[in-house]
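The values are calculated or read from the model by the stated rules, or taken from the named source; none is laboratory data. Given the structure is predicted, the values throughout are model-derived calculations rather than measurements. Methodologically, a virtual Cβ is constructed for each residue, glycine included, from the backbone with ideal geometry; neighbour enumeration extends over all protein chains shown.
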Amino acid sequence: MQQLLDDIAVRARPLAVEGKVADYIPALARVPADRFALAVRMADGSEHATGDTDMAFSIQSISKLFTLAMAMEWIGDELWERVGREPSGMRFNSLIQLETERGIPRNPFINAGAIVVTDAILARRPMLESSFRTTMRLLAGTERPQYDEEVHRSETETGDLNRAIAYVLKAYGNLREDPMVVTRAYFRACSMAMSARELARAATFLMTPDHDGPFVRGDHAPRLRALMRLCGLYDQSGEFAYRVGLPGKSGVGGGILVVQPGRYTACAWSPPLDRFGNSVAATAALELLAAELG
């Protein structure tokens, strides 16, 4: 396995030159473009890794997977009265689609959907910031996961479009809390910093429906995987499903998290992104991994 991961890194890492780091968030623009990590956690608990796998990075929209899991656990089916479960087909921060569909986001992984999920959680758990950090530490099995204050400041300073999305949601009656409070909590979750190894470990609950950890009541795990497959990589989800074939969730920090039910979870990280906001080298690495492991 170690030789396999090292070989994948040699083949995938150079492709990063085809991408561009997320420079619209100043803190992310300063992350070295040559960083690369690939970590795999098997169903038996063994872990394998190559590259910068213990270096923490901003998980960004990968956080949406975990906040959605929290909402499904704490809120239940009423969440789906406020957000859909269909691919968006448009940019992850589109205002046009949100207005056209009168304030009901297409899915919980685009920004509008994640803001609604954050709003729904805040109504039940106002201390979301501490709850989310505690949850990620529990899932990762370490106290290392922490908010990146520099990233949080950058997102707060440059997040006008997300605040606009929140106010559109409010105008259509699909936001219950103060839009400024909700977006602050949303930015906070996106600024969580974790390593590829920690993220692969944190997603273990998605591997099997009977894993004895958080977020597994009933049929949450298979439904989360279904949403990952349909919507996890923005409007490039279909292409990722075709190339990689695994449920995944990406973030503009350069990370992509995938799960093969019953077998393994994996996280690849490389900061340069394609025009859809997904890591070029991480996508290639996971495509190679899936091809080798089946």
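Listing for the model above:
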item: Only listed residue being within 24 Å of residue 254 (Cα to Cα), in contact (Cβ under 8 Å) with a residue 12 or more places away in the chain, surrounded by fewer than 20 Cβ atoms within 10 Å (Cβ to Cβ) and charged (D, E, K, R), chosen from 198, 149; result: 149
item: Checking residue 205 against (1) part of a helix (DSSP H, G or I); (2) modelled with pLDDT of 95 or more; (3) under 17 Å from the mean Cα position of the chain (by Cα); (4) among the hydrophobic types (A, V, I, L, M, F, W, C), the condition it does not meet; result: (2)
item: Members of segment 233-269 that are within 17 Å of residue 111 (Cα to Cα), in contact (Cβ under 8 Å) with a residue 60 or more places away in the chain and in a helix (DSSP H, G or I); result: 234, 235, 237
item: Identity of the residue in segment 1-32, in a loop (DSSP other than H, G, I, E, B) and charged (D, E, K, R), that ends up surrounded by the fewest Cβ atoms within 10 Å (Cβ to Cβ); result: 23
item: Residue within segment 158-170 that is assigned to a helix (DSSP H, G or I), within 19 Å of the chain's Cα centre (by Cα) and closer than 24 Å to residue 283 by Cα present; result: no
item: First in segment 43-70 and of a type in the set (Asp, Glu), second anywhere and part of a helix (DSSP H, G or I) and crowded, with 22+ Cβ neighbours inside 10 Å, Cβ under 8 Å, 6 or more apart; result: 47/197; 47/200; 52/196; 54/197
item: Qualifying residue in segment 219-239 (condition: more than 22 Å from residue 2 (Cα to Cα) and of a type in the set (S, T, N, Q)); result: yes
